[in-house]
Amino acid sequence: MSGKRPGETHLAPAEARAIARAALAEQRPGTAFGLGCLKNTDKAQRAQVFCAASPDERLVVKVYAPASAEKARAQAARQRALAEAWPDGAPAVLFFDAARLVLGMTYADGPSLAAVVPKLAQENAARQLEAAGQWLGRFHGLTREAHPFRPKGQIAWLHRLLEQHDSGERTIPEIDAFRAEVARLEAMFRAVRGTPSQRAVTHRDLHLANLIATRGGLVGLDFENAKPDEPLRDLVSLLIDAVALSDDAEALDRHAAALSKGYGPVGSTPEAAVFLQRMFALGVWANTPPEPSRRQGARYLAARQIIATDRALFAS
């Protein structure tokens with residue numbers, strides 16, 4: 001038993017809407033707002049997101065469940081810092097109601113790349129993914145530093161995943177094949193250790209739905225992480241998402257080329273890049289449930305494609 005009360009970890013839309021209205025009444029006294037649920041669901045969520053509209057203003061209001069208080073504070077702080085450093089890259093924070101756990105931010109007007117890219121012809125999809133690579137390169141560039149590659153922590157993380165499977169804490173599909181891939185990465189350890197690489201503050205949950213195509217360019221969403229990491233994490237995450245949304249057998253190479261063109265050199269040797277792209281794809285594999293949804297299944301297959309590739313998918 002977790003000891004958490006009902007409603008502490010998740011909020012129903014009606015409950016979250018009432019909290020949002022209370023926060024707006026304090027932040028924008030005398031203004032009546034209509035509230036539309038941006039996630040378009042009637043299910044309880046860890047956070048509910050609304051578009052708040054009045055005749056004079058439109059903003060986004062994100063309401064967090066009580067158990068997500070730490071996450072709410074982290075997102076408010078990280079997004080505020082990022083928007084101040086790069087005003088065009090992320091929505092500005094308008095307010096954060098710490099008591100109600102409500103984050104108010106400017107509205108990014110446009111569809112997400114997850115809605116746009118699958119509907120486009122190959123050439124136009126490539127342009128959008130190139131723009132995503134450019135956005136990500138700018139984002140990482142705010143904090144990027146040269147750093148010798150240290151794969152020890154990544155190998156230890158993979159062993160923790162295996163331990164969790166063995167203990168029953170998680171179930172990794174095709175576990176024998178997964179173990180073989182971990183062993184293949186371990187065999188690369190000496191060749192990549194200490195080679196030139198980079199670190200930067202990464203997004204850590206970047207997918208195409210978190211990039212909004214506005215008239216002024218792409219705007220990112222849902223920032224929380226403030227710790228340095230390997231930049232390839234975010235590139236691989238975007239690539240897996242793009243491939244999972246495509247039914248083209250050649251999507252992997254095409255989408256990787258577009259992202260790489262926009263991003264530029266990743267700053268790692270080709271061998272280290274192969275190590276990292278396989279490792280981050282293994283993370284997606286390990287998080288695939290025994291009965292995956294259609295999207296989870298497509299992401300799993302995309303991850304397996306990346307793991308099977310023997311060449312660096314991004315320019316060094």
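Tabulated data for the structure shown
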read-out: Selection status of residue 280, in contact with a Ser or Thr (Cβ under 8 Å, 6 or more places away or on another chain), hydrophobic (A, V, I, L, M, F, W, C) and under 25 Å from residue 159 (Cβ atoms); value: yes
read-out: Test: residue in segment 13-23 that is in a helix (DSSP H, G or I), over 24 Å from residue 215 (Cβ atoms) and within 20 Å of the chain's Cα centre (by Cα); value: no
read-out: Which listed residue is at pLDDT below 95 and in the same structural domain as residue 257 (by TED's automatic domain parsing), from 205, 241; value: 205
read-out: Residues satisfying the stated conditions in segment 6-41, i.e. in contact with a Pro (Cβ under 6 Å, 6 or more places away or on another chain) and either under 20 Å from residue 220 (Cα atoms) or in the same structural domain as residue 102 (by TED's automatic domain parsing) (or both); value: 37
read-out: Qualifying residue in segment 152-174 (condition: of a type outside the set (Phe, Trp, Tyr), under 18 Å from residue 236 (Cβ atoms) and without any contact (Cβ under 8 Å) to a residue 24 or more places away in the chain); value: yes
read-out: Filtered residue count, segment 252-302, keeping only those that are in contact with a Gly (Cβ under 8 Å, 6 or more places away or on another chain) and either outside any helix (DSSP H, G or I) or outside the structural domain of residue 127 (by TED's automatic domain parsing) (or both); value: 2
read-out: Some residue of segment 39-49 being under 21 Å from the mean Cα position of the chain (by Cα), within 17 Å of residue 99 (Cβ to Cβ) and among the hydrophobic types (A, V, I, L, M, F, W, C); value: yes
read-out: Identity of the residue in segment 215-234, within 10 Å of the chain's Cα centre (by Cα) and closer than 20 Å to residue 254 by Cα, that ends up surrounded by the fewest Cβ atoms within 10 Å (Cβ to Cβ); value: 233
read-out: Candidates 303, 308, 258 - the one that is touching a residue at least 60 places away in the same chain (Cβ under 8 Å), closer than 24 Å to residue 158 by Cβ and not basic (Lys, Arg); value: 303
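The values are calculated or read from the model by the stated rules, or taken from the named source; none is laboratory data. As the structure is a computational prediction, the values presented were derived from the model and not from experiment. Methodologically, a virtual Cβ is constructed for each residue, glycine included, from the backbone with ideal geometry; neighbour enumeration extends over all protein chains shown.
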